[in-house]
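Inspection log for the structure reproduced underneath, given as structure tokens.
The values are calculated or read from the model by the stated rules, or taken from the named source; none is laboratory data. The structure presented is a predicted model; accordingly, all values stated were derived computationally and were not measured. Neighbour counts run over all protein chains shown; Cβ positions are idealised from the backbone, glycine included. Surface accessibility is based on the protein's heavy atoms, side chains included, excluding ligands, DNA and RNA. Shrake-Rupley method; radii C 1.70, N 1.55, O 1.52, S 1.80 Å.
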Amino acid sequence: MAVDLKSELTRPLALILMALAALGWVLFALSSWSSASVQKAQRLQIIELSEKADRVGAELAKQSQAIGSLADLEAKVAATRDDLTRISQTRNDLQTDLATTQRNLSAMRRDLTEADRSLQTQSQKLTDLQAAGEEAAAQSQNVSSGSGKRGRSARGRRSRSFSVRSR
């Protein structure tokens, strides 16, 4: 039995079924195309999220390293502060020692000046005594030469003089 295709296409039920089948195939094609684009978008999102996760991981590593560096810097700052405190204390001690030494030096200079003055006074007294002794010796020789010992000349007399050297 042969089927007449032209007569079958004019029937409403066949037309409806054919339209529904065509619509089904179109919907299937659209659905496949849509799911492929959704899958492609999802793959792109996954790749993008993976890259973001890598960047966040790298940033976290940098932050962790910076925190470690910050802790090291804080330790160095604390050590430097301790050194500065020690140096300040040493400087204060040295300034105190310097002031004491300067006071001692001033006292020694005063004592040295007084000793120098005393030495000059003693030297002056000795010079005065030597001059007085020479005068007395000259007068006694004049007296003795006038009393009968005229044979001696002035060259025969010897006088001794003492000098004081100061340092």
Which listed residue (18, 131, 53) has the Cα farthest towards the positive end of the charge dipole for region 1-147, taking +1 on Lys and Arg C-beta and -1 on Asp and Glu C-beta about the Cα centre?
18
Sequence-distant aspartates and glutamates (8 or more away, or on other chains) whose Cα lies within less than 18 Å of residue 125
114, 116, 134, 135
Mind computing the radius of gyration and Dmax over the alpha-carbon atoms of region 1-98? Å is fine for both.
40.6, 135
Determine, from the Cβ-Cβ distance of residue 46 and residue 23 and an R0 of 41 Å, the FRET efficiency 1/(1 + (r/R0)^6), rounded to the nearest 0.05.
0.75
Suppose every K and R has +1 on its Cβ and every D and E has -1 on its Cβ; what is the size of the dipole of region 7-143 about the Cα centre, in Debye to the nearest 20?
1040
Candidate lysines for bridging to residue 62, where Cα separation is under 29 Å - those fewer than 8 sequence places away on the same chain excluded:
52, 76
Fully extended, how many nm does the chain gain between residue 98 and residue 118 (0.36 nm per residue separation, minus their Cα-Cα distance)?
4.2 nm
Would you check the accessible area of residue 27, probe 1.4 Å, heavy atoms only, in square angstrom rounded to 10?
100
